[in-house]
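Chemist: To start, I am sharing the structure in question, which I have written as structure tokens.
The values are calculated or read from the model by the stated rules, or taken from the named source; none is laboratory data. Note that the structure is predicted; figures quoted are calculated from it, not measured. Here the Cβ is made from the backbone with ideal geometry for all residues, glycine too, and neighbour counts use every protein chain on show.
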Amino acid sequence: MAARKVVLIEGDGIGPEITKAVLRVLDAAGVEIDWTRCDAGISALDKGEEVLPAATIAAIKEHKVALKGPCTTPVGEGFSSVNVQLRKTFNLYAAVRPVRNLPGVETRYKNVDLIIIRENTEGLYSGVENEITPGVVMSMKVATEKACLRIARWAFRFATQRQRKSITVFHKANIMKLTDGLFLRVADLIHQRDYPNIDFRSAIIDAGCMRLVQDPSQFDILLLENLYGDVVSDLCAGFVGGLGVVPGANYGEEEAIFEAVHGSAPDIAGKNIANPLALLMSAVMLLNYLAENDKTSIYAQAAEKIRAAYDQTLLDGAKTRDLGGELNTEEFADAVIARL
Ligand code: NAI
């Protein structure tokens with residue numbers, strides 16, 4: 001069988017270091033993927049290309065699947081986020097971030113097994129910002145019935161396939177009665193009409209966050225609009241060891257891009273100390289996606305082998321510094337490879 005072609009975007013900051021480490025682990029596990037390397041972000045600009053080159057878009061269109069390192073977005077000025085552009089270009093409307101306790105990674109929270117599903121295409125990320133008059137600016141929060149329906153259906157279907165018990169929507173529909181009101185109403189409708197067996201709950205986001213930090217194990221799937229999903233993902237990462245251990249996937253109808261929740265971490269870039277695990281876990285999600293639920297597929301088997309190896313690595317106390325260990329990026333990859 002010919003190796004599957006997958007687009008690889010190293011990204012900015014720690015992106016190249018963690019990508020290199022992840023590719024070494026995948027190679028050592030015998031994963032047969034024909035990587036098509038593409039640029040995006042500051043690293044593309046540095047090569048004199050567009051921030052999101054047409055060749056990158058064309059490659060994702062052709063191969064449908066990508067593994068992506070983080071891309072830097074300038075704060076308060078400059079180009080608009082490459083990550084948001086990619087999600088919009090390919091209509092990657094469902095972002096999925098599993099947040100679980102890992103063996104050997106002690107945190108103050110036990111039994112965390114959350115899945116965050118974030119609507120990825122609208123809300124305040126619509127990019128509609130105006131200066132009305134000097135000193136007065138506005139940003140428009142957009143919610144469409146089509147996108148609310150699409151993500152609600154996706155979330156309930158996912159919950160059913162994964163045999164999850166409940167979905168909780170965090171919202172602020174008491175204040176944003178139209179936009180958050182629509183998101184909540186549509187999710188409730190899909191629940192009542194199509195998925196009555198899945199427990200459906202909702203919480204006003206401020207109170208929901210308080211309950212979440214008190215005891216995250218009381219939640220199962222969290223369904224959130226774009227900005228809330230972004231913020232709550234990082235909050236939840238804190239329950240299980242931080243941004244170095246939370247993977248993610250962005251799914252559309254045709255394409256899927258797998259990337260860690262964290263950003264380009266400019267504060268530690270180039271030092272070979274970043275934790276490559278979140279990107280490695282994202283690569284495991286990618287392999288399972290390529291396997292299409294066939295547990296006998298070579299991709300599913302490789303995914304399981306890598307997962308078991310990084311679990312054992314952590315159990316043996318071999319960790320990067322963000323998890324209280326002493327290994328650098330490359331040493332952590334070596335430790336995982338030794339346990340494959
Ligand atoms: P960040 O996630 O890059 O970093 C936050 C903190 O977590 C930093 O102290 C960093 O050192 C640490 N950290 C992150 N990943 C780590 C890892 N793998 N190992 C060890 N420590 C890690 O968030 P920040 O600083 O807010 O954003 C930096 C840049 O990344 C910005 O330009 C932002 O726009 C971009 N970004 C890109 C994302 C993407 O490509 N999907 C997602 C989030 C942010």
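Chemist: Regarding region 189-200, can at least one residue be identified that is modelled with pLDDT of 95 or more, farther than 25 Å from Glu253 by Cβ and among the basic types (Lys, Arg)?
Modeler: For region 189-200, residues modelled with pLDDT of 95 or more, farther than 25 Å from Glu253 by Cβ and among the basic types (Lys, Arg): absent.
Chemist: Tell me which residues, restricted to region 154-177, are in a helix (DSSP H, G or I), in contact with a helix residue (DSSP H, G or I) (Cβ under 8 Å, 6 or more places away or on another chain) and in contact (Cβ under 8 Å) with a residue 60 or more places away in the chain.
Modeler: Ala155
Chemist: Here's something else I'd like to know. Any chance you could count how many residues in region 20-33 are under 23 Å from Asn83 (Cα atoms) and out of contact with any helix residue (DSSP H, G or I) (no Cβ under 7 Å at 6 or more places or on another chain)?
Modeler: Going through region 20-33 one residue at a time, the tally reaches 2.
Chemist: Here's something else I'd like to know. Of the residues Cys38, Cys71, which single one is within 13 Å of the ligand (Cβ to nearest atom) and surrounded by 18 or more Cβ atoms within 10 Å (Cβ to Cβ)?
Modeler: Cys71
Chemist: For Leu222, which of the numbered conditions (1) surrounded by fewer than 23 Cβ atoms within 10 Å (Cβ to Cβ); (2) touching a Leu at 6+ places or on another chain (Cβ under 7 Å); (3) more than 29 Å from Val25 (Cβ to Cβ) fails to hold?
Modeler: Of everything listed in (1) surrounded by fewer than 23 Cβ atoms within 10 Å (Cβ to Cβ); (2) touching a Leu at 6+ places or on another chain (Cβ under 7 Å); (3) more than 29 Å from Val25 (Cβ to Cβ), Leu222 misses just condition (1).
Chemist: Assess whether Ile204 counts as being over 20 Å from Ala95 (Cα atoms) and in the same structural domain as Thr144 (by TED's automatic domain parsing).
Modeler: It is true that Ile204 is over 20 Å from Ala95 (Cα atoms) and in the same structural domain as Thr144 (by TED's automatic domain parsing).
Chemist: Could you tell me which numbered condition Ala143 fails, if it satisfies all but one of (1) on the phi < 0 side of the Ramachandran plot; (2) surrounded by 12 or more Cβ atoms within 10 Å (Cβ to Cβ); (3) out of contact with any Ser or Thr (no Cβ under 6 Å at 6 or more places or on another chain)?
Modeler: With (1) on the phi < 0 side of the Ramachandran plot; (2) surrounded by 12 or more Cβ atoms within 10 Å (Cβ to Cβ); (3) out of contact with any Ser or Thr (no Cβ under 6 Å at 6 or more places or on another chain) applied to Ala143, the lone miss is (3).
Chemist: OK, next. Would you tally the residues in region 125-153 being farther than 14 Å from Arg87 by Cβ and assigned to a helix (DSSP H, G or I)?
Modeler: 6
Here is a yes/no grid of residues against (1) assigned to a helix (DSSP H, G or I); (2) within 11 Å of the ligand (Cβ to nearest atom); (3) surrounded by 21 or more Cβ atoms within 10 Å (Cβ to Cβ):
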| residue | (1), (2), (3) |
| --- | --- |
| Leu45 | yes, no, no |
| Glu49 | no, no, no |
| Glu62 | yes, no, no |
| Glu77 | no, no, no |
| Leu86 | yes, yes, yes |
| Leu92 | no, no, yes |
| Ala95 | no, yes, yes |
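Chemist: Counting only residues that are of a type in the set (A, V, I, L, M) and either within 16 Å of the ligand (Cβ to nearest atom) or not assigned by TED's automatic domain parsing to the domain that holds Ala256 (or both), how many does region 290-340 have?
Modeler: Matching residues across region 290-340 total 7.
Chemist: Restricted to region 1-28, and to residues that are among the small types (Gly, Ala, Ser) and surrounded by fewer than 20 Cβ atoms within 10 Å (Cβ to Cβ), which residue is farthest from the ligand (Cβ to nearest atom)?
Modeler: So the residue we want is Ala2.
Chemist: Give me the residue from region 232-246 that is more than 9 Å from the ligand (Cβ to nearest atom) and crowded, with 24+ Cβ neighbours inside 10 Å and, out of that set, farthest from Ala155 (Cα to Cα).
Modeler: Gly241
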